[in-house]
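Heads up, the thing below is written out as structure tokens.
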């Protein structure tokens with residue numbers, strides 16, 4: 001693969017004459033092409049939406065570009081929630097995934113109508129005490145424990161992480177949330193980040209699809225979406241991989257169809 005910068009040396013020399021260094025220079029064309037490619041790759045699922053991790057680039061201009069492609073905002077702090085709100089993202093386009101969360105952040109996320117993703121079993125009671133109820137739509141972060149492996153070796157060790165519901169906790173948590181008034185559920189998992197392989201998302205998808213079937217059967221909950229979290233690594237050198245959206249989505253479809261799940265369900 002040939003690596004070619006999106007800006008020339010001559011262009012940079014002209015830019016620094018006008019803007020003092022240091023500064024960030026973004027490839028708008030590349031951002032738009034990638035956003036469009038991801039959206040098209042998952043077009044088989046009409047409920048699909050990419051939620052951009054605001055923490056990665058908390059820039060309102062970047063968020064405005066992604067908004068044009070119906071992307072949402074993945075927020076982990078009060079500041080990120082405020083940024084998403086300032087750019088006009090509505091509640092269904094904001095997912096709040098946070099740990100060690102102050103009460104004011106849960107309260108603001110609820111005020112925005114954001115999808116709240118609980119990071120810990122104890123957050124169930126804390127959220128209810130903070131906002132006075134459990135939202136009708138709620139999500140939980142799943143931690144399967146153990147070691148997360150792929151063909152190129154160990155990717156991460158979720159068993160050592162303090163975040164997320166264990167297998168037993170998420171089953172019990174869904175039952176409790178349902179009793180407290182939740183009607184629509186989601187499952188989120190973050191097992192590795194900046195992955196430089198196309199295997200990660202299909203493997204994560206299979207694990208979560210199987211979990212969803214088990215949760216449906218054991219709790220009777222209406223599970224509306226699955227959040228495949230993690231992040232794609234960047235091929236910084238010509239010999240590194242290039243993420244193939246089509247390959248990834250095809251394998252996700254196979255795992256989806258094997259379990260006879262409804263393709264119209266949202267992610």
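The values are calculated or read from the model by the stated rules, or taken from the named source; none is laboratory data. As the structure is a prediction and not an experimental result, all values here were calculated from the model. Using ideal geometry, Cβ is built from the backbone for each residue, glycine included, and neighbour counts are taken over all protein chains shown.
Numbers below:
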quantity	calculated
Long-range neighbours under 6 Å by Cβ, at least six apart or interchain, first residue under 13 Å from residue 85 (Cβ atoms) within the range 61-75, second part of a loop (DSSP other than H, G, I, E, B)	63/87; 72/49; 73/89
Among residues of the range 114-138, those that are surrounded by 14 or more Cβ atoms within 10 Å (Cβ to Cβ) and in a loop (DSSP other than H, G, I, E, B), counted	6
Conditions (1) in a strand (DSSP E or B); (2) exposed (fewer than 12 other Cβ atoms within 10 Å of the Cβ): number failed by residue 4	(1)
Tally, over the range 84-97, of residues that are surrounded by fewer than 22 Cβ atoms within 10 Å (Cβ to Cβ), without any contact (Cβ under 8 Å) to a residue 24 or more places away in the chain and not in a helix (DSSP H, G or I)	2
Pairs, first at positive phi in the range 176-200, second surrounded by fewer than 16 Cβ atoms within 10 Å (Cβ to Cβ) and not in a strand (DSSP E or B), C-beta under 6 Å, six or more apart	194/231
Some residue of the range 45-58 being over 23 Å from residue 228 (Cα atoms) and out of contact with any strand residue (DSSP E or B) (no Cβ under 8 Å at 6 or more places or on another chain)	no
Subset of the range 20-38 (residues that are surrounded by 10 or more Cβ atoms within 10 Å (Cβ to Cβ) and assigned to a loop (DSSP other than H, G, I, E, B))	25, 26, 27
Checking residue 114 against (1) touching a strand residue (DSSP E or B) at 6+ places or on another chain (Cβ under 6 Å); (2) closer than 21 Å to residue 191 by Cβ, the condition it does not meet	(2)
Criterion (more than 24 Å from residue 34 (Cβ to Cβ), in contact with a helix residue (DSSP H, G or I) (Cβ under 7 Å, 6 or more places away or on another chain), at pLDDT 75 or above and assigned to a helix (DSSP H, G or I)) met by exactly one of 185, 209	209
Members of the range 39-58 that are assigned to a loop (DSSP other than H, G, I, E, B) and either at pLDDT below 90 or within 14 Å of the chain's Cα centre (by Cα) (or both)	42, 43, 44, 45, 46, 47, 48, 49, 50
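Conditions tested, residue by residue: (1) modelled with pLDDT of 95 or more; (2) under 22 Å from residue 177 (Cα atoms); (3) touching a helix residue (DSSP H, G or I) at 6+ places or on another chain (Cβ under 7 Å).
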position: 112; (1), (2), (3): yes, yes, yes
position: 116; (1), (2), (3): yes, yes, yes
position: 123; (1), (2), (3): yes, yes, no
position: 137; (1), (2), (3): yes, yes, no
position: 151; (1), (2), (3): no, no, no
position: 163; (1), (2), (3): no, yes, no
